[in-house]
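S.K.: Can you keep this structure in mind? I'll have questions shortly.
The values are calculated or read from the model by the stated rules, or taken from the named source; none is laboratory data. If you're wondering where the values come from, they're calculated on a predicted model, not measured in any experiment. Neighbour counts are summed over all protein chains in view; Cβ atoms, including those assigned to glycine, are modelled from backbone coordinates with ideal geometry. Accessible surface areas use protein heavy atoms only, side chains included; no ligands, DNA or RNA. Shrake-Rupley method; radii C 1.70, N 1.55, O 1.52, S 1.80 Å.
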Amino acid sequence: MIQAAIFDMDGLIVNSEPFWQDAQLAVLSELGVQLTRQDTIDTTGIRIDQIVKHYYETQGWQGPSCDQVCDMILDKVIELVAIHKPIMPGVIHALELCKAANLRIALASSSPLRLIETTLKALDLEDWFEQCHSAEHLKYGKPHPEVYLNTADSLGISPENCVALEDSFTGLLAAKAAQMRTIVVPEHAVADQARWVISDVKLTSLNELTTEILTR
């Protein structure tokens, strides 16, 4: 029996993925790192510190530390989210369905807590989420299930009684590894890829969500 809905944030609640891509391209390219927009797309859902560490180890640069580079990228994303407030289609619809179904509502994101708090405030969504968890300081980010397991534990609900809503394949793997029911809303450009078959439900928008899909 589903008792809680746990939402990812970037790409599902807020259309911030292009901002992450732009920020990585701007900051890392300035440091001499060779990367393309497709490279930033391929790492969707992975923690920014892991991405930055990878480029430092494979290409390196002089000057700022990896932590400083992460902060530079994060500051740019926060700035863009606060200005544009790019909420994804169907978010309020999905949250209202969860509330009507008496589901507990939480958030589990790879993003730093600072971005989570800024985003929810910018979109006026703070009051919807009982718990918000970041993988920022965990040993492993998604696709490791720890952030999802921690979120379920904070709600006092077994992972098997949670439904996870995701947009990235990395996040989907994390939710599946946590043994949660999964609903995925992939970005349109990759939605036809066969790998989404591992999800329980695939939607084109949160507007397609129904109570039956949430709780069955």
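S.K.: What fraction, in whole percent, of alpha-carbon pairs in region 1-148 exceed 20 Å separation? Walk me through the numbers before you get to the answer.
M.R.: Numbers: 5364 of 10878 pairs.
The proportion of pairs with Cα distances above 20 Å equals 49 percent.
S.K.: Which distance in nm do the two modelled labels at residue 53 and residue 67 give, with both placed 7 Å along the Cα-to-Cβ direction?
M.R.: Label-label distance for residue 53 and residue 67, simple model: 1.4 nm.
S.K.: Additional query: Quantify, in whole percent, the carbon and sulfur part of the accessible surface of the chain (1.4 Å probe; protein heavy atoms only).
M.R.: Numbers: 5140 of 10180 Å².
Carbon and sulfur: 51 percent of the exposed surface of the chain.
S.K.: Please give every one of the lysines within straight-line cross-link reach of residue 202, meaning a C-alpha to C-alpha distance under 24 Å, and leave out same-chain neighbours fewer than 8 residues apart.
M.R.: Counting by Cα, and skipping residues close in sequence, residue 202 has these lysines nearby: 99, 142, 176.
S.K.: Next question. Taking one equal scatterer on every alpha-carbon of region 72-148, how large is log10 of I(q)/I(0) by Debye at q = 0.11, 0.14, 0.23 1/Å?
M.R.: Per q value, in the given order, log10 I(q)/I(0) is -0.32, -0.52, -1.17.
S.K.: Relative to the longest principal Cα axis of the chain, at what angle does helix 91-100 sit, 0 to 90 degrees, rounded to 10?
M.R.: With both axes taken from Cα atoms, the answer is about 30 degrees.
S.K.: Let me ask another. Keeping every protein chain present and rolling a 1.4 Å probe, give me the accessible area per residue for the chain in Å². Walk me through the intermediate numbers first.
M.R.: Values: 10180 Å² over 216 residues.
For the chain, the per-residue accessible area is 47 Å².
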